[in-house]
Amino acid sequence: MKLASTISMTLVLTLTACIPPAGDESSSSIVRSLTGKSFAGKKYYFAWGHASPNDPANMHNEVKYDVLHTHEIFTKDIGGSYAGTKLIKSGEENSVGSAFNQLKSQVTANDMFIQYSSGHGMPTGLAVGGSYQEIASRILSLPAKEIIIFTMACHSGGLVDTFNQMRSQWSGFAQQGRTLFVMSSSTVQQTSSTGPSTDNESVGPMGSAGSAFGHSLWKSLLGDADGAYDGIKDGFIDLGEIESYTKQRTKQLGGHDPVSTGSYNPGLIMNLVPKDRSSLTYTDRGTTNTSNADLQNMIKSEDIRGNQAPIWFP
């Protein structure tokens, strides 16, 4: 079984030594996702999570919390106050196409778009959401100037491969002042693993910490990635830090390799490091102080089922 998680948004930024206040977009040297009041466009977050009816309860929770974690960051002021659309209830995921088309009718060239999906996947596409060709074509039909996609699913690297095959449609984005970033949880040949289900005090339901990829992405947004790319801890999380940290952390926890592509500046600022994690509804379930070794053991023990083989998300 595979878990697929996709987020889409395009973003551009040139990193400078001095970052102006969040409300200041006057500096031509900085283009950011984390905009202030002077930003003239709109921001859209769109995500869905899907598990099969016969999947274990922890898998249903993992796809749900993968979406809830990112939704909370990006729809709050620390992540840019995106207008959020999430499909996580049983049956809602069947509305992915129509929900996307509704958003597409609203998106303009001044806007930003993030897409996140979590669920089962195959080498040719997602169990819910369409083939990789369909997904890539939908995304590239958006006029948005910033598009970022995160996809959690087994074999989800097929989406990255598809975007690379369609490179001619986005290779000129930089010259147009646009950004495209696409990252998947594993290569097209790999499955993707479950994550740490709960903390050591069993806070939250099984699976509430998210998948290995979703958990790693979430932790990067919470601040663990600060300085991971450029070595500078500045209280901001940029795209390069998210990419570097999430890839490394997912490999440590799940044993698979996230891959990425696009036309983007790694210095693009995505969100502020939350000053108080306890203020967030969906906390990190106590894994903050858990060592990598302990997390790996947790995942191994939680991935074991009847035949003593790991549970993967195909």
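The values are calculated or read from the model by the stated rules, or taken from the named source; none is laboratory data. Note that this is a predicted model, so its numbers are computed, not measured. Quick reminder, even Gly has a Cβ in these numbers, built from the backbone with ideal geometry, and neighbours come from all protein chains shown.
Looking at this structure, is residue 85 assigned to a strand (DSSP E or B), of a type outside the set (Gly, Ala, Ser), surrounded by fewer than 24 Cβ atoms within 10 Å (Cβ to Cβ) and in contact (Cβ under 8 Å) with a residue 12 or more places away in the chain?
Values: assigned to a strand (DSSP E or B): yes; of a type outside the set (Gly, Ala, Ser): yes; surrounded by fewer than 24 Cβ atoms within 10 Å (Cβ to Cβ): yes; in contact (Cβ under 8 Å) with a residue 12 or more places away in the chain: yes.
Considered against the rule, which asks whether it is assigned to a strand (DSSP E or B), of a type outside the set (Gly, Ala, Ser), surrounded by fewer than 24 Cβ atoms within 10 Å (Cβ to Cβ) and in contact (Cβ under 8 Å) with a residue 12 or more places away in the chain, residue 85 comes out as yes.
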Exercise for the section: Any chance you could count how many residues in the stretch 52-78 are in contact with a helix residue (DSSP H, G or I) (Cβ under 6 Å, 6 or more places away or on another chain), within 15 Å of residue 213 (Cβ to Cβ) and not acidic (Asp, Glu)? Expected result: 1
Handout entry: Yes/no for residue 159 being in contact with a Phe, Trp or Tyr (Cβ under 9 Å, 6 or more places away or on another chain), modelled with pLDDT of 95 or more and of a type outside the set (Asp, Glu)
Key = yes
Handout entry: Unmet criterion (only one of (1) surrounded by 15 or more Cβ atoms within 10 Å (Cβ to Cβ); (2) under 27 Å from residue 216 (Cα atoms); (3) at pLDDT 95 or above) for residue 107
Key = (2)
Exercise for the section: Could you grab me the full set of residues in the stretch 228-252 that are hydrophobic (A, V, I, L, M, F, W, C) and part of a helix (DSSP H, G or I)? Expected result: 239, 242
Practice task
Could you tell me whether the stretch 115-127 includes any residue that is at pLDDT 95 or above and more than 20 Å from residue 190 (Cα to Cα)?
Solution key: yes
Completion exercise
Conditions (1) closer than 14 Å to residue 221 by Cα; (2) in contact (Cβ under 8 Å) with a residue 24 or more places away in the chain -> residue 254 fails only (1)
Practice task
Inspect all residues belonging to the stretch 168-181 and state whether any of them is under 30 Å from residue 59 (Cβ atoms), touching a Lys or Arg at 6+ places or on another chain (Cβ under 9 Å) and surrounded by fewer than 17 Cβ atoms within 10 Å (Cβ to Cβ).
Solution key: no
